Structures are given as C-alpha cells and as structure tokens.
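A quick write-up on the structure given underneath.
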Amino acid sequence: MRNTLKLFSVLSLSISASAFAGSLTLSSQDIAQGEFMAKAQEFNGFGCSGGNLSPHLKWSDAPKGTKSFAITAFDPDAPTGSGWWHWQVVNIPMSVMEIQTGAGNTKTSSAPKGSTQIQNDYGSRGFGGACPPEGHGVHHYRFTIHALSVEKLELPKDASGALAGYMINANTIESSTIESLYKRN
C-alpha cells in the first residue's frame with residue numbers, strides 16, 4: 001500500500017508539473033531577463049534622450065489553439081498608481097514569429113502586416129521607451145508575447161491601454177515574458 005501511495009504521489013506531481021509547463025518561449029537580441037536595457041530602448045522626450053527603439057523579439061512553440069499574437073511592454077514601477085503602458089501590439093498574424101528592432105516605430109512599415117499598435121501612455125501609437133523619473137530607482141519592464149485564442153481583437157480605434165490589456169488577457173492561452181531593467185540617475 002505504501003509503495004502504491006508513493007507511486008500515486010510521483011505520478012500526480014508529474015502530471016501537475018506538466019499541466020503547468022509552458023511551451024511558448026520569448027527571446028531577444030536586444031534585451032535579456034534581469035539585465036539592464038541599452039540607451040537604444042530609452043524614450044526620446046520627457047527629459048530622456050534615447051533611441052526609442054523597440055527591441056527585437058522572437059517567439060516559438062505557440063500552444064495549440066493559437067490564432068494570433070499580441071505584444072505588451074509594461075512598467076509596473078511607474079509612479080502612477082496603475083503602471084505605464086510602453087507598447088501594445090494586437091492582431092499579429094499567426095504566421096509571424098519575430099519582429100525586428102524598431103518595429104514599434106509607426107513612421108516605418110516594420111510592424112507586422114495586419115497588426116495594430118495601441119496608443120501608449122506617452123499619448124502616441126507605437127513603442128515608447130523607458131524613461132523613469134530621475135532618482136526613482138530601478139524600474140522593471142515586462143515585454144510579453146501573448147498567444148491568443150482569437151484571430152482578431154475587436155477594439156475601438158482609441159482603445160486605452162487598460163481596455164487593450166483586458167482584452168488581451170481575456171483571450172490569452174499562454175504567454176512568455178522577458179523582464180528587463182532600466183534606471184536613470
């Protein structure tokens with residue numbers, strides 16, 4: 001009986017672990033987990049003078065049922081009471097598995113065809129780089145790829161970051177995040 005209980009416990013743990021094991025992976029040539037971002041990813045404005053380039057992102061192993069993707073970049077440390085949306089891209093086609101550095105620039109046609117960039121908290125569409133207040137310490141920037149269960153999120157043209165975030169999260173099958181850091185002295 002004791003051996004049967006041990007076997008059952010081992011099998012239960014194996015099944016539980018595999019049920020929560022994620023397969024979607026996110027990587028980048030420009031940012032890394034727990035590492036500081038370069039000046040290239042700093043905003044250009046609000047007292048910052050960076051390159052304002054969205055980072056290269058590549059993902060793989062989309063889960064079964066994925067019909068599209070969304071990208072979010074969020075700073076939970078912004079002193080706003082609600083964080084700061086730096087970037088949201090929705091309706092990325094299932095065939096796209098990589099975006100190049102600078103794809104968040106709305107003045108170029110680098111974003112995936114058919115996708116929509118939501119207005120960020122700087123008040124413009126596309127990527128808005130890191131620009132934490134001077135002396136505010138280290139901020140954490142969460143770049144996340146979301147595998148979505150719908151082909152297209154139906155959002156109003158002037159959707160807020162909160163509404164887009166709600167719809168993205170409501171339709172996410174699986175996600176993968178790189179959390180990078182940035183600090184202004």
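The values are calculated or read from the model by the stated rules, or taken from the named source; none is laboratory data. Bear in mind that the values here come from a model prediction, so they are computed numbers and not experimental data. Backbone-built Cβ (ideal geometry, glycine too); neighbour counts: all protein chains shown.
Show me the strands (runs of 3 or more DSSP E) found entirely inside region 50-116 where at least 1 residues are surrounded by fewer than 22 Cβ atoms within 10 Å (Cβ to Cβ) and touching a His at 6+ places or on another chain (Cβ under 8 Å).
Filter on region 50-116 gives 68-75.
Residue-by-condition table, conditions (1) touching a Phe, Trp or Tyr at 6+ places or on another chain (Cβ under 9 Å); (2) closer than 22 Å to ILE31 by Cα:
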{"residue": "GLN100", "(1), (2)": "no, yes"}
{"residue": "PRO112", "(1), (2)": "yes, yes"}
{"residue": "SER124", "(1), (2)": "no, no"}
{"residue": "CYS131", "(1), (2)": "yes, yes"}
{"residue": "HIS136", "(1), (2)": "no, yes"}
{"residue": "HIS139", "(1), (2)": "yes, yes"}
{"residue": "LEU148", "(1), (2)": "yes, no"}
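When the criteria are applied in full, ILE178 fails the requirement of being under 13 Å from GLN88 (Cβ atoms) and under 14 Å from the mean Cα position of the chain (by Cα). Residues in region 16-39 that are at pLDDT below 95 and in a loop (DSSP other than H, G, I, E, B): ALA21, GLY22, SER23. If a residue has to be buried (at least 17 other Cβ atoms within 10 Å of the Cβ), touching a helix residue (DSSP H, G or I) at 6+ places or on another chain (Cβ under 9 Å) and without any contact (Cβ under 8 Å) to a residue 24 or more places away in the chain to count, how many in region 123-180 make the cut? Residues that pass the stated criteria total 0. Are any residues in region 117-127 assigned to a loop (DSSP other than H, G, I, E, B), at negative phi and touching a Ser or Thr at 6+ places or on another chain (Cβ under 6 Å), and if so, which ones? Across region 117-127, the qualifying residue is only PHE127. Being in a helix (DSSP H, G or I) and either under 13 Å from the mean Cα position of the chain (by Cα) or under 18 Å from GLY129 (Cα atoms) (or both) is the filter here, so list the residues in region 163-175 that pass it. Selection gives ALA164, GLY165, ILE168, ASN169.
Results for (1) modelled with pLDDT of 95 or more; (2) closer than 13 Å to TRP85 by Cβ; (3) outside any strand (DSSP E or B), shown as yes or no for each residue.
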position	(1), (2), (3)
HIS146	yes, no, no
LYS152	yes, no, yes
LYS157	no, no, yes
LEU181	yes, no, no
